[in-house]
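*Asks:* Below are the structure tokens for one structure; questions will follow.
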Amino acid sequence: MTFGVFVLGILFLVVVAPLWILAHYLTRWRSARALSVEDERALGELWSAAQRMETRLANLERVLDAETPGWRAETEADQR
């Protein structure tokens, strides 16, 4: 009887336990791969903020082009 329990314990540790652990972490990985509702909301806010900043930058460049026509060439020369 004790030998049978020993064999069953070894089989459990060798076969069942690794499969159980693998299945557990695979489900954790799949659930972590998806964005939560809060993450989607934050991503949407960041996207809209980036769009607003892009619009502001385009407006600033338009104003600079009107007031100082050669500012782009000066900026590029300063960066070299």
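*Asks:* Angle check, please: helix 17-33 long axis (alpha carbons) against the longest principal axis of the chain (alpha carbons), in degrees 0 to 90, nearest 10.
*Replies:* The two axes meet at around 20 degrees.
*Asks:* Now, a different point. So what's the angle, to the nearest 10 degrees on a 0 to 90 scale, between helix 2-11 and the longest Cα principal axis of the chain?
*Replies:* 20 degrees
*Asks:* Along the three principal axes, how long is the chain when you take its alpha carbons, biggest first, rounded to the nearest angstrom?
*Replies:* 94, 34, 10
*Asks:* In deg cm²/dmol, rounded to 500, what helix-only [θ] at 222 nm does the chain give when every DSSP H run of at least 4 residues adds -39500 (n - 2.57) and the total is split over its residues?
*Replies:* It comes out at -28000 deg cm²/dmol, rounded to the nearest 500.
*Asks:* Shape call for the range 37-80 from the C-alpha gyration tensor, a ≥ b ≥ c root eigenvalues: rounded (a/c under 1.5), prolate (a/b greater than b/c) or oblate? Present the calculation step by step, with values, prior to reporting the outcome.
*Replies:* Numbers: a/c = 8.82, a/b = 2.57, b/c = 3.43.
Oblate shape, in that a/c is at least 1.5 and b/c is the bigger or equal ratio.
Here, each number is a calculation from the coordinates, and none is a lab measurement. Since this is a predicted model, take the numbers as computed values, not measurements.
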